[in-house]
Amino acid sequence: MKKPHEKLWENCLDFIKDNVSIQSYKTWFEPITPLKLKDKTLTIQVPSQFFYEWLEEHYIVLLKKTIKKQLGQEGKLEYSIVMENSANNKKPYTVKFPTSNRNVVKNQPLSMPIDVDKKVIKNPFIVPGLKKITVDSRLNPNYSFENFIEGDFNRLARSAGFAVAKKPGGTAFNPLLLYGGVGLGKTHLAHSIGIEIKKNNPSKTVLYVSSEKFTHQFIEAVRNNNQNDFIHFYQLMDVLIIDDVQFFAGKEKTQDVFFHIFNHLHQSGKQLILTSDKAPVELQGMEQRLLSRFKWGLSADLQSPDLESRIAILNKKMYNEGIELPKDVIEYIAYSITANIRELEGALISIIAQASLNKKAVTLDLTKQMIDKFVKNTAREVSIDYIQKVVCDYFDLSVEVMKSKTRKREIVQARQISMYFAKQLTKSSLANIGAHCGGKDHATVLHAFKTVNNLIETDKRFKGYVSDIEKRIVIQ
Ligand code: ADP
Ligand code: MG
C-alpha cells in the first residue's frame, strides 16, 4: 500500500511529466523523494541545495500549479535538502564537493574503470563448451541511460538503443550499428543498452568488448591453437557489444572469425550491437559479406550536440559530481566547445580541477582563461552565437528580437554590433554572418561594419558600449 504522500507525489509526477521534457523530468523530478504530507503541506526531499535552487528558479510555476491542483488552494510545498557540505549558502558559486571524499579529478567518468584484464575471459577457454557461464559483462555503470542526455542530435540512436534494451534480439534492429565521430557517445550508448538489459534480465549473458581487444584475443587464440574455444565462447553470448568495428578494417582473419560468430548469434536470435566511427558505406577494408550483414539491422548515427543539449550534458555532469557552477560559466563552456562531448567534459573537469587546486571560485574570467588554454590546439574561435548572446545580454534584448526584421534603433544597433564583432573575431564569411543575424546579405554586414567603425570614431558613448562588449566577449 502506498502512503498518502507517496500517492500524492505520484499524481504530481503524472502531471509534471506532461509539462516538461522527458530529460528535465528525469534530471529534476525523478530524484525527488516525497517525505510526508501534513496539513496540506507536502514535504519533498531534494538531493542538494543546488537542486533546490534549480527547481525554484525553473520550475516554481509548474510546481505551484501541480500542488494547487492536487491539494487545493491552501496546498503548500516544503523542501528538505540533503546537505552536502553544511549550509554555506553565502557563497553559492564556490565549487562544492559531495560529502563522500571522492576526488572529482581522479574520478572523472572519462576513463573506463573497467580494466580489461585477461583472467575473466580466459576461464571459458579453459573449460570450453560450458552451457551457462558467468561472464563479467565489462559494462561501465556510469554509462547508463540515466546519464545519457537525449537531444535531436542523438534521438534516433538513443531510441533504437532503448528499444533494443527492452527486447534484445526481438526487434528489427539487429545488428544495431551506432556510428558517428569521436566523443559523440557511441561507447556510452552501447554500454547503456548492455546495462539496461542486465538490469531487466540479470541471467542474460552480455559482453562488451572493443574490436581491438577482440582482435588481440583472437591472435592469442590462434597462437595457442584454441581458436575453437574462442569462437565457442563468443557464441555463448546473448548480447554481444563490439565497440569500434572500424578497427577490423584490413584484418581479414579477424573479420572471418567475427563473420562466423555474427552468423551464429544472429541465427539464434541473439542481439548484436556494434559501433563504428564511420557509416557502413564508408568503411574501407571491410569484407563485403560483413558489410552487408551490418545493414541487416539498423544503422543510426550520432551527431554533434546542439547548444541546449550541451548545456543539459554539463548540468547533468555537475549534478552527478555534486558540483555547482554559475550559469554564465556553464553557458560559456557550452557556447565555446561545440565539436564533441568528450571535449565538453574535459573542459568542465579542467575548470573544476583548476579552481579546486587553487582554492578559487569558478568565475567567468577563470573559465575564459581555461577554455582558451584548453582549446588552443583546436583553433578555437568565438562563435557568432556567443557574440550575439553577449551583445543581447548587454542591451537586455532577446536574441530572437535581435534577429527579427524590426528597424527599431536600439535593435538595429545591437544587430550591427553583433555583425561587427562577428566580422572581427570569427573567420565566417560576410554571407554567413548575415545569415546568422536574421537573414541579411553580405552587403548589409559590410555596411554594419562601416557604420560601427564610424560611430566608434564619432560617438563616445557608443565607443564605450563597444569596448564594454568586447571585454565581455574576448578572453582575457
Ligand atoms: P565515442 O565512443 O562516440 O567516442 P563516448 O561514448 O566515449 O564517445 O563519449 C565521450 C564522453 O561523453 C563520455 O564520457 C560520455 O559519458 C559522454 N557522453 C556522450 N554522449 C553523452 C550524452 N548523450 N549525455 C551525456 N554524456 C554523454
Ligand atoms: Mg568510443
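In table form, for the structure just shown:
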read-out	value
Hits in segment 294-306 - residues which are over 20 Å from G151 (Cα atoms) and open to solvent by 10 Å² or more (accessible area, probe 1.4 Å)	K295, W296, G297
Total residues in segment 270-293, condition under 26 Å from the mean Cα position of the chain (by Cα), more than 16 Å from ligand 2 (Cβ to nearest atom) and open to solvent by less than 20 Å² (accessible area, probe 1.4 Å)	3
Qualifying residue in segment 188-201 (condition: touching a helix residue (DSSP H, G or I) at 6+ places or on another chain (Cβ under 9 Å), open to solvent by less than 40 Å² (accessible area, probe 1.4 Å) and away from ligand 1 (no atom under 13 Å from the Cβ))	yes
Lone unmet requirement of (1) within 29 Å of T134 (Cα to Cα); (2) at pLDDT below 95; (3) not hydroxyl-bearing (S, T, Y) for E287	(1)
Pairs with Cβ under 6 Å, 6+ apart, first in segment 39-66 and outside the structural domain of G322 (by TED's automatic domain parsing), second among the acidic types (D, E)	K40/E74; T41/E78; T43/E78; S48/E84; F50/E324
Residues that are more than 19 Å from the chain's Cα centre (by Cα), under 20 Å from I81 (Cβ atoms) and part of a loop (DSSP other than H, G, I, E, B), drawn from segment 5-37	I32
Test: residue in segment 165-181 that is more than 16 Å from ligand 2 (Cβ to nearest atom) and part of a helix (DSSP H, G or I)	yes
In segment 200-249, residue farthest from Q284 (Cα to Cα) [restricted to those that are assigned to a helix (DSSP H, G or I) and of a type in the set (S, T, N, Q)]	N200
Helices (runs of 4 or more DSSP H) wholly inside segment 263-353 that include at least 1 residues being touching a Lys or Arg at 6+ places or on another chain (Cβ under 8 Å) and more than 14 Å from ligand 1 (Cβ to nearest atom)	327-336
Unmet requirement for S86, which otherwise passes all of (1) out of contact with any strand residue (DSSP E or B) (no Cβ under 8 Å at 6 or more places or on another chain); (2) among the polar types (S, T, N, Q); (3) modelled with pLDDT of 50 or more	(3)
Residues of segment 155-183 classified as surrounded by fewer than 16 Cβ atoms within 10 Å (Cβ to Cβ), under 16 Å from the mean Cα position of the chain (by Cα) and among the small types (G, A, S), total	2
Any pair with Cβ under 8 angstrom, 6 or more apart, that starts in segment 240-253 at a residue that is more than 12 Å from T215 (Cα to Cα) and among the hydrophobic types (A, V, I, L, M, F, W, C) and ends at one that is in a helix (DSSP H, G or I) and within 16 Å of ligand 1 (Cβ to nearest atom)	I241/A190; I241/H191; I241/I193; I241/G194
Selection within segment 25-70 - touching a His at 6+ places or on another chain (Cβ under 8 Å) and open to solvent by less than 60 Å² (accessible area, probe 1.4 Å)	W28, P34, L42, T43
Of all residues making up segment 451-476, the number that are farther than 14 Å from Q413 by Cβ and among the basic types (K, R)	3
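The values are calculated or read from the model by the stated rules, or taken from the named source; none is laboratory data. Model, not experiment: these values are computed from the prediction. With ideal geometry, Cβ positions are generated from the backbone for all residues, glycine too; neighbour counts draw on all protein chains shown. All accessible areas refer to the heavy atoms of the entire protein, side chains included, with ligands and DNA or RNA removed. Shrake-Rupley method; radii C 1.70, N 1.55, O 1.52, S 1.80 Å.
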